[in-house]
Each structure stands twice: as structure tokens, then as C-alpha cells.
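Participant: Please see the structure below; I have some questions.
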Amino acid sequence: MNQVVLALLPGIGMLAWFFGVGIVINLVVAVAAAVATEIVILHLRGHSLATLLDGSAVVTGILIGICLPPFIPVWVIVAGVVFAMIFGKHLYGGLGHNPFNPAMVGYAMMIVSFPLAMSLWPAPLTNPDALSVMAYKMGIPIADGITAATPLDAFKFRGATTVGEFVAGSAVMHRVGGMSVGIGWQWVNAGFLAGGIYLVYRGVCGWLMPAIMLLTLTILALVFYDSGSSQSLGSPAFHLFSGATMLGAFFILTDPVTSPDSQEGQIVFAMGVGALTFVIRNIGAYPEGLAFAILLMNTATPFIDQIRWRYA
């Protein structure tokens, strides 16, 4: 768990640089809520508090905090983390027994229950002052102009404009090498990619599932890109370096508890996550589909493992 936290630091640093102090506040609140909830539940279950030392509660809090916009109210963070710890982890018996990734359970609950709060992202590098951030977090409304749509959200609801027209008039996207990417988000994803490579190098996670998931997303993006017409579904660079792509590929997809055991099963699992992420991003109700893709494939993990066992 310590290696995972260390590997998350480059991406967290990029998030804080581009989106401000609210990211740091989110992490502090989420980790504190996760640890506090873990202590209460362990006490209620009559378990030793020594299991706190496994670091799983801290990692769950960090993974949820990373996914949240800087202006999200504090009480929403606490509600999401508590929900994740109860219904994503301890309801099934605790660490090692959970069929769903706890952080994604909490995130999915928050995006479904509090869609407006989950959309409160500022434009990159606007550096909102700490007072404005805290005002929003305490539920005090401020000017709407301080927030902006994320690249995935803006691209999804751009209307009938071509990709080139949209990027030219967008404050959150630009072109790199002829392909559109979200301003700031490419560096955030690069940070998590660097952390993921570190985890693979140290043997903390394998390379297979991240590679298959990213390859699936790339192939689908290439097939449906069509060079940027009004019907284009986004370039490979856009899908790889927007939203939570690299975070999900290396830090969530590779959870050994909620993914298949066999190599063949892991390939199917990763392909499913990549395909579902692309589909939900483009034709689903939510701009980012990674959390729902992972949770849907979590439900299929026992079936995937059973098929492998049956035909081994």
C-alpha cells in the first residue's frame, strides 16, 4: 500500500497544480473519513484495530479524493467515503472479501446522487483562491463563472460542431500533434502513467491488464475517430489522456481482489473495462464511464473465473 501511495504522488501533484488547493483538501477529508469509518466499523465488528496498518483504508480514501472536483462540499465527500467503506468493503467481510472496488462504489454513489456537486471543476490553472474554495465546500454559493466543464463533458455535449471547431473555441481543450486533448488533464494522466510504470517495475501490479485496457480503448477510438467530423467520438489521445484513464488502468483495474485470477480472465476483464468505458463516455448518460465500467466487470469476475476453471 505504501508503494501505491508513492506511485500516486505524480498524478496528485499534477491535479493540485492545475486545479488548486481544493484537491489537497479533498484528499485530507477523504482519508480522514475513511480511517475514521474503518475504526468505527472494526470496533462494532469486534475486530482488532491492528488491521488499520494494512493501509487499505488510506488508499481507498486517496482514490476517492483524487476523483473529486475541488469545489465539492465536504459533507458529500464524507458521505461518499462512508458509503464506500460500508457497502463496498465491510458489508462483504472486509479486505479480501469485497467483490467490488470500494473506491468505485463510493464514486458511483456520488455521481448518481450528487451530479451537480460532482461537476464543480474549475478551468485549469485558474488558481481559485482558498476562500472561494472553502466557501463552496461549506455550501456557500459563489459565482458560477468560476467553474467549467471537464474536457469529457464539454466534448460529449458539443452539439453538431466538428472537433476542430470545438477545440478552436474551447477553453479546456487544445491540439497536440493533430489530436485534441484536455488542457491539464494530459499532464494529470501522464503523472498517473508514470506512477503506474513504477508499480509495474516494482512488481506491485502486472502490466497485462493496463496494457489490454489501454489498447482496447485506443483501437475503439481509432475506429470511430473519422478525423474529427461532428460525429467523431474522440481521438485516441483524447481518450487515453482525459478523465481517469491512467488512474483506472494502473491503480483500480489491477485490484487483485476484484479482478479475475487467470491470465485469460484478466485479458477478458481488461477488454471489457476498455470497451465499456468507451461506450459509456460516448453514448451513456455520464461523460466519464470508467467507474461504471469497472463495477460492471467486477460483477462478471466470478463468472469469468468459473469459465476458466470449467474449461481448464
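Participant: Mind ordering 17-23, 3-9, 113-119, 63-69 by average Cβ neighbours within 10 Å, highest first?
Facilitator: Values: 17-23: 20.7, 3-9: 18.1, 113-119: 15.0, 63-69: 25.4.
Result, highest mean Cβ count within 10 Å first: 63-69, 17-23, 3-9, 113-119.
Participant: Whole Å is fine, so just give me how far the alpha carbon centre of the stretch 109-134 lies from that of the stretch 85-101.
Facilitator: About 28 Å separates the Cα centre of the stretch 109-134 from the one of the stretch 85-101.
Participant: How do Y92, Y286 stack up against each other in accessible area, from largest to smallest, with a 1.4 angstrom probe?
Facilitator: Numbers: Y92 95, Y286 70 Å².
Ranking Y92, Y286 by accessible area, largest first, yields Y92, Y286.
Participant: Taking every pair of alpha-carbon atoms in the stretch 1-105, give the share separated by more than 20 Å as a whole percent. Let's see the in-between values first.
Facilitator: Details: 1962 of 5460 pairs.
Tail of the P(r) past 20 Å holds 36 percent of the pairs.
Participant: With charges set only on the Cβ (+1 for Lys and Arg, -1 for Asp and Glu), what does the dipole of the stretch 182-307 come to about its Cα centre, in debye to the nearest 20? Write down the numbers at each step before the final one.
Facilitator: Details: 2 positive and 6 negative charges, 50 e Å.
Here the stretch 182-307 has a charge dipole of around 240 debye.
Participant: Taking only protein heavy atoms into account and a 1.4 Å probe, give the accessible area per residue of the stretch 231-312 in Å². Please report the intermediate quantities before stating the final value.
Facilitator: Numbers: 3320 Å² over 82 residues.
It amounts to 40 Å² per residue over the stretch 231-312.
Participant: Which value, in Å², gives the accessible area per residue of the stretch 23-108 when a 1.4 Å probe is used on the protein heavy atoms?
Facilitator: Values: 3180 Å² over 86 residues.
Counting only protein heavy atoms, the per-residue value for the stretch 23-108 is 37 Å².
Participant: If you don't mind, there's one more thing I want to ask. Once neighbouring chains are kept in place and the probe is 1.4 Å, which whole percent of the accessible area of the stretch 1-41 is contributed by carbon and sulfur?
Facilitator: Working: 1410 of 1670 Å².
Roughly 84 percent of what the probe reaches on the stretch 1-41 is carbon or sulfur.
Participant: Moving on. Probe radius 1.4 Å, ligands and nucleic acids ignored: give me the carbon and sulfur share of the accessible area of the stretch 230-312 as a rounded percent. Don't jump to the answer; show the numbers that get you there.
Facilitator: Numbers: 2210 of 3360 Å².
Here it works out to 66 percent.
Participant: Work out from phi, with θ = phi - 60° and the Karplus expression 6.51 cos²θ - 1.76 cosθ + 1.60, the ³J(HN,Hα) of each residue of the stretch 260-266, listed in order in whole Hz, and give x for Gly and Pro.
Facilitator: Once θ is set to phi - 60°, the couplings for the stretch 260-266 become x, 8, 7, 5, 4, x, 5 Hz.
The values are calculated or read from the model by the stated rules, or taken from the named source; none is laboratory data. Keep in mind that this is a model prediction, so the values were computed, not measured. In this analysis, Cβ positions are derived from the backbone assuming ideal geometry, glycine residues included, and neighbour counts consider all displayed protein chains. The area values use the complete protein model at the heavy-atom level, side chains included, leaving out ligands, DNA and RNA. Shrake-Rupley method; radii C 1.70, N 1.55, O 1.52, S 1.80 Å.
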